[in-house]
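Asker: Below you'll find the structure I mean.
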């Protein structure tokens, strides 16, 4: 299974945060899973860091490099994914999360999230 990690999960994995449960670590670390991150998450980190959000105080370039160094693949944002937003119910208002759901749907990935609101979307979303 190919997993697309949402932005907070990515940040917690990189920081080895205790906010990531033991079960989530095991699920993400399962060697049967391929791990991916989205360019959308990097945009979100950069934008929210520039706004002074304390939970986004990281260097985006370093995050990207570290993800590649750990075998993650990068998912680019495409027009097809943006068009898929029109088919999503308005469950969550955060545009970054909505685009991650659309990416997972279009690309056949499972979005791994810690956000119970995002997890309400139909389709390939896994709450950890």
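The values are calculated or read from the model by the stated rules, or taken from the named source; none is laboratory data. Because the structure is a prediction, the values reported are computed rather than measured. As a convention, Cβ positions derive from the backbone with ideal geometry for all residues, glycine included, and neighbour counts pool all protein chains shown.
Asker: Any residue at all in region 101-112 that's part of a loop (DSSP other than H, G, I, E, B), modelled with pLDDT of 95 or more and surrounded by 13 or more Cβ atoms within 10 Å (Cβ to Cβ)?
Answerer: Looking only at region 101-112, we keep the residues that are part of a loop (DSSP other than H, G, I, E, B), and these are 108-109.
Within this subset, residues satisfying the condition of being modelled with pLDDT of 95 or more are 108-109.
Checking which are surrounded by 13 or more Cβ atoms within 10 Å (Cβ to Cβ) leaves us with 109.
Taking every residue of region 101-112 in turn, at least one turns out to be part of a loop (DSSP other than H, G, I, E, B), modelled with pLDDT of 95 or more and surrounded by 13 or more Cβ atoms within 10 Å (Cβ to Cβ).
Asker: Name every residue in region 20-31 that is assigned to a loop (DSSP other than H, G, I, E, B) and surrounded by 12 or more Cβ atoms within 10 Å (Cβ to Cβ), in order of residue number. Steps first, answer last, please.
Answerer: Within region 20-31, the first condition is being assigned to a loop (DSSP other than H, G, I, E, B), and the residues that meet it are 20-21, 30-31.
The answer is 20, 21.
Asker: With respect to the numbered conditions (1) in contact with a helix residue (DSSP H, G or I) (Cβ under 8 Å, 6 or more places away or on another chain); (2) surrounded by 12 or more Cβ atoms within 10 Å (Cβ to Cβ); (3) over 16 Å from residue 4 (Cα atoms), which one is the sole condition not fulfilled by residue 57?
Answerer: (2)
Asker: Say whether the condition of being in contact with a strand residue (DSSP E or B) (Cβ under 6 Å, 6 or more places away or on another chain), modelled with pLDDT of 95 or more and surrounded by fewer than 18 Cβ atoms within 10 Å (Cβ to Cβ) is met by at least one residue in region 2-11.
Answerer: The answer is yes; a qualifying residue exists.
Asker: Further question on the same structure: List the pairs whose first member sits in region 2-23 and is closer than 17 Å to residue 117 by Cβ, whose second member is in a helix (DSSP H, G or I) and at pLDDT below 90, and whose Cβ atoms are under 8 Å apart, counting only residues at least 6 apart or on separate chains?
Answerer: That search, which allows pairs on different chains as well, returns 8/55.
Asker: Among what's in region 70-93 and is outside any helix (DSSP H, G or I) and in contact with a helix residue (DSSP H, G or I) (Cβ under 8 Å, 6 or more places away or on another chain), pick the residue that is modelled with the lowest pLDDT.
Answerer: Taking the candidates together, the pick is 92.
Asker: Out of 49, 119, I need the residue that is at pLDDT below 95 and either closer than 16 Å to residue 12 by Cα or surrounded by 12 or more Cβ atoms within 10 Å (Cβ to Cβ) (or both). Which one? Walk me through it before giving the result.
Answerer: On the way: 119 fails: at pLDDT below 95.
The match here is 49.
Asker: Among the residues of region 79-91, which ones are under 11 Å from residue 103 (Cα atoms), touching a residue at least 24 places away in the same chain (Cβ under 8 Å) and surrounded by 14 or more Cβ atoms within 10 Å (Cβ to Cβ)?
Answerer: Hit for region 79-91 is 81, nothing else.
Asker: List the number of the failed condition for residue 71; all other conditions in (1) touching a strand residue (DSSP E or B) at 6+ places or on another chain (Cβ under 8 Å); (2) crowded, with 16+ Cβ neighbours inside 10 Å; (3) touching a residue at least 24 places away in the same chain (Cβ under 8 Å) hold.
Answerer: Of the numbered conditions (1) touching a strand residue (DSSP E or B) at 6+ places or on another chain (Cβ under 8 Å); (2) crowded, with 16+ Cβ neighbours inside 10 Å; (3) touching a residue at least 24 places away in the same chain (Cβ under 8 Å), the odd one out for residue 71 is (2).
Asker: Condition check: in a strand (DSSP E or B) and surrounded by fewer than 20 Cβ atoms within 10 Å (Cβ to Cβ). Does residue 42 satisfy that?
Answerer: no
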